[in-house]
Amino acid sequence: MSKPRIIVVGSYTDAIHILKFTPPTSGEGGSLVVSSSVKVGRSPSLIDRHPTEANVIFAALENDKREVVSVKIDDQGKGKEIQRLSALGEDSAHYWVGPSEVVVANYSSSAVLRISFASEHPQLNSSFDHIIPFDSHPVQFSSLHSDSEDGKASTSDFGVNMTSRLVRTDSKAANGGFREKVAVETGRGPRHLIVHEEYLYMLAENSAELLSFIIAPVGSAVETVPLRNIPTTSHWSSPHTEASELVIRPQLDPYSRTEGTHILVSHRNDRNPRGDAISIFTPYPHFEQVGEVRPGLRDIKGMRFSDDGKYLIVGGVEAGGVKVFEWNGRYKDGWMKEVASVDVASPSDFLWI
């Protein structure tokens, strides 16, 4: 029997759920069960892991106190809350966990907050280092892995159709600020973004498009250049369909720029009886849509590949629960095959531990 994998689930309920996934073997099918749940408060919808302690995760809550909660998970899949801090804002919309800090984007209060790690890891400092005001509603971060300097992140700004690159210019003083802003056409609604090699891929929620840009090097006089925009919906989608989530499959072959790499876009509000779609794209230099699957879920908010890229976990906020698929990456084989599922209410985010 395969060794079970632990998966943490953020949700729009009052709890973080911890699942155990046993991969299928030649003689047995896969299984997915709820190992435990940790009640932390309203809507722990966004989760991420500690950079050096894989069994510690952080969750941003959508409660009245706008808190960030730390939870430690043991080898048996049991979780325990170890810390709780206010994010000093309204409606935490996303956050990024870096090597030495947690950076929180607060949607309604239009600000970004930086909280550094305390010397006694994995605790967070109770005093806050820096608050960066925004013109409107910051919604998601993506670390810029292609840059060589320390301390950079991008965040999309839903209200003013803008993406800003944030740079920590003085690590001792923990000062941060804008280095560059990338404008998006009004009404598109930039919501989620990823960086792969020298390209920025941005999901426009309202117009259901995948936007692409060439990232300018930090410190250069060259601006980030817009490239192609591709619709994420197909003629099978209803007119009310919106783009929802964006993930990239990990690169398996370090010597290949495109082989085995795919960008996945999920959707919501599609009235198709088969549920909402996941559209599949290849990145540059061959940026195009190559497939679509419908996993039988409604309002696909969370998606996450396992570290080896073999399995994809997907959740339906409105219906369908949580499903794990074995990814084959081939059109002729249907792209992926369902291997396990479990009923979890309103799943919104996932972490493979």
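Computed from the coordinates by the stated procedures, all read-outs in this text should not be read as laboratory data. Please read all numbers here as calculations on a predicted model, not as lab measurements. Virtual Cβ from ideal backbone geometry, glycine too; neighbours counted across all protein chains shown.
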Give, in nm to one decimal, the length gained when the segment between R330 and I214 is fully stretched (0.36 nm per residue of separation minus the Cα-Cα distance).
39.0 nm
I want the local charge near E338. Using Cβ-Cβ distances under 9 Å, sum +1 for each Lys or Arg and -1 for each Asp or Glu among the other residues.
+1
With an 8 Å Cα cut-off and a minimum separation of 6 or more residues, compute the relative contact order for the stretch 255-317 in percent.
26 percent
Taking every other residue with Cβ under 13 Å from the Cβ of R228 and scoring Lys and Arg +1, Asp and Glu -1, one gets -2
So what J values fall out for the stretch 38-49 if you push phi through Karplus, 6.51 cos²θ - 1.76 cosθ + 1.60 with θ = phi - 60°, rounded to Hz, Gly and Pro as x?
10, 7, 10, x, 5, 6, x, 7, 10, 10, 7, 9
Listed with the fewest Cβ neighbours within 10 Å leading, I263, I278 appear as I263, I278
Can you sort H192, H240 so the residue with the fewest Cβ neighbours within 10 Å comes first?
H240, H192
Can you compute log10 of I(q)/I(0) for the stretch 13-64 with the Debye formula, treating each Cα as one identical point scatterer, at q = 0.20, 0.26 Å⁻¹?
-0.80, -1.00
Shape descriptor, the stretch 241-353: equivalent ellipsoid semi-axes (Cα gyration tensor, sqrt 5λ, whole Å, largest first) stand at 23, 16, 12
